[in-house]
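The values are calculated or read from the model by the stated rules, or taken from the named source; none is laboratory data. Treat the numbers as computed from the prediction; the structure is a model and nothing was measured. Reconstructed Cβ throughout: ideal geometry from the backbone, glycine too, with neighbour counts over all protein chains shown.
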Amino acid sequence: MKVVKFGGSSVAEAEQFKKVRNIIKSDEGRRIAVISAAGKRSKEDHKLTDLLFLCHAHLMYGVSCDDIMDSIEQRFVEIRDALSLSLDIESEFAKLRGKLSKDISADYLASRGEYFTAMLMAEYLGYKFVDAEECVFFGFDGQVDMDKSCAAIKEAYDKYGRIVIPGFYGRAATGKVKVMSRGGSDITGAIAAAAVGAEVYENWTDVSGILMADPRIVKSPKPIEKITYSELRELAFMGASVLHEESVQPVKERGIPLNIRNTNEPDHPGTMIVDAIEKEPDQEGLITGIAGRRNFTIITVSKHEMNTNAMLRRVLEIMERYHAPVEHINLGLDTIAVLASSSALGEGLYGILGDIQKICHPDDVRVQDSISLVAAVGRKMTFRPGTSGQLFKALGEKGVNIRTIAQGADELSIIVGVDNSDFETAVKVLYDGFAV
Ligand code: ASP
């Protein structure tokens, strides 16, 4: 039994609906489908969710959103007619238009993208439509109530056998519709997989798996075949955008593998994300994937014969006061360097420097900005002597100066800080030398 989730580009138009049906019908096990709102048909196009939020903004400012509503309705009508379905979009939209006012909730309006897309898909597949309002519940803390949601999804599945659930929203504890954060259909899919103890959670999108590096930097990077949940977390944290972060826990906890697949290339196995990988050939690349983020700032505080512990505590307290999350710390004999994202520091940087002067009385404070972090992530690096040496040598040979170094305690990742101008070279060197 498999739970399948299809993202916006997989349901953007009638042709994509056909691909989805072929995929679902080609495997008896694909019995629960979670559906996003129709996404972009081309680069210039708009996602329905964006348009719905835009409608809401118009309503707030008292500007007519009739044209946008027309174009949204038109998208659904086109899909319905092309697939000869019977859903009465026109009356549904007449009802929806009747509710449009300043008081309509943004959540309710935004959720209609998934609602209608999933209704159409359910009819097309011949699966039972189960509204997320009836099976995805939030507690008063705004978090998904897993027990209640899982029980409701399981009940609907047991009753109907084959169901379609719209992603991205559910029912709040107040009884109203509530949407998740953007990309939230991934979470709905994970909850459904957890609810029924699926054999696998297939997340269908428009790439053949997670790529080993950013394709804007490395030309045609290979997709990752297999990756552990821990590696994925490191990559995602360092900027690889793949899945909604909160979609991992429900399946990881229950040992359900997550398979990223491409609706436009259904025979490609994609990326399999699993809890642990026991046996694997040794000779393949050391690195599973590379990710990175630009624009960090390093603040270096120097003081001769400083009491390192006390000074570190004070500097961290100051950073906390200014809501600047510290990403790395380097300790030297007479120096402490903290690294934070430049945008998170923002104007707070001046306050931080002032407070460091006042509270720490340093000999010197220096600020370096335009730093990038590049992370090489790989389970095969663990307990393997010489790994970091090899990476640094390769970077050095290409003239990349390493400004900071950090190796996670579990040896799953090695992160280097380099000048922004060296960012792309560093990613390419690591990919060419160690990933493939
Ligand atoms: N449609 C929503 C969004 O665009 C949710 C999703 O697609 O996962 O964010």
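With respect to (1) touching a residue at least 40 places away in the same chain (Cβ under 8 Å); (2) farther than 30 Å from SER208 by Cβ; (3) away from the ligand (no atom under 16 Å from the Cβ); (4) crowded, with 20+ Cβ neighbours inside 10 Å, the lone exception for CYS55 is condition (3). Test MET306 against the criterion of being part of a loop (DSSP other than H, G, I, E, B), more than 30 Å from VAL377 (Cβ to Cβ) and either at pLDDT below 95 or touching a strand residue (DSSP E or B) at 6+ places or on another chain (Cβ under 7 Å) (or both), and give yes or no. It is true that MET306 is part of a loop (DSSP other than H, G, I, E, B), more than 30 Å from VAL377 (Cβ to Cβ) and either at pLDDT below 95 or touching a strand residue (DSSP E or B) at 6+ places or on another chain (Cβ under 7 Å) (or both). Give the residue, chosen from GLU73, GLU78, that is touching a residue at least 60 places away in the same chain (Cβ under 8 Å), away from the ligand (no atom under 16 Å from the Cβ) and over 26 Å from the mean Cα position of the chain (by Cα). Step by step, each of GLU73, GLU78 is checked, and only GLU78 is touching a residue at least 60 places away in the same chain (Cβ under 8 Å), away from the ligand (no atom under 16 Å from the Cβ) and over 26 Å from the mean Cα position of the chain (by Cα).
The set of residues from region 230-273 being outside any loop (DSSP other than H, G, I, E, B) and touching a strand residue (DSSP E or B) at 6+ places or on another chain (Cβ under 6 Å) comprises GLU231, LEU232, GLU234, LEU235, VAL251, LEU258, ASN259, ILE260, ARG261, THR271, MET272, ILE273.
Among the residues of region 83-97, those that are in a loop (DSSP other than H, G, I, E, B) and small (Gly, Ala, Ser) comprise SER84, SER86.
There is at least one residue in region 319-330 that is within 17 Å of ILE405 (Cβ to Cβ), under 31 Å from the mean Cα position of the chain (by Cα) and among the hydrophobic types (A, V, I, L, M, F, W, C).
Tally time: how many residues in region 122-180 are more than 18 Å from VAL4 (Cβ to Cβ) and aliphatic (A, V, I, L, M)? Residues meeting the conditions: 9.
One residue alone among ALA198, ALA192 is within 22 Å of PHE140 (Cα to Cα) and crowded, with 21+ Cβ neighbours inside 10 Å, and that residue is ALA192.
Quick grid of which residues meet (1) crowded, with 18+ Cβ neighbours inside 10 Å; (2) more than 16 Å from the ligand (Cβ to nearest atom):
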{"position": "ARG216", "(1), (2)": "no, yes"}
{"position": "LYS219", "(1), (2)": "no, yes"}
{"position": "LEU232", "(1), (2)": "yes, yes"}
{"position": "PHE237", "(1), (2)": "no, yes"}
{"position": "HIS244", "(1), (2)": "yes, no"}
{"position": "PRO250", "(1), (2)": "yes, no"}
{"position": "ARG254", "(1), (2)": "no, yes"}
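Selection within region 41-52: residues that are charged (D, E, K, R) and more than 10 Å from the ligand (Cβ to nearest atom). The member of this set that is nearest to LEU120 (Cα to Cα) is ARG41.
Filtering region 295-336 to residues that are in contact with a Cys (Cβ under 9 Å, 6 or more places away or on another chain) and not hydrophobic (A, V, I, L, M, F, W, C) leaves LYS303, ARG314. Scanning region 390-414 for residues that are of a type in the set (Lys, Arg) and over 18 Å from LEU286 (Cβ atoms) yields a single hit, ARG403.
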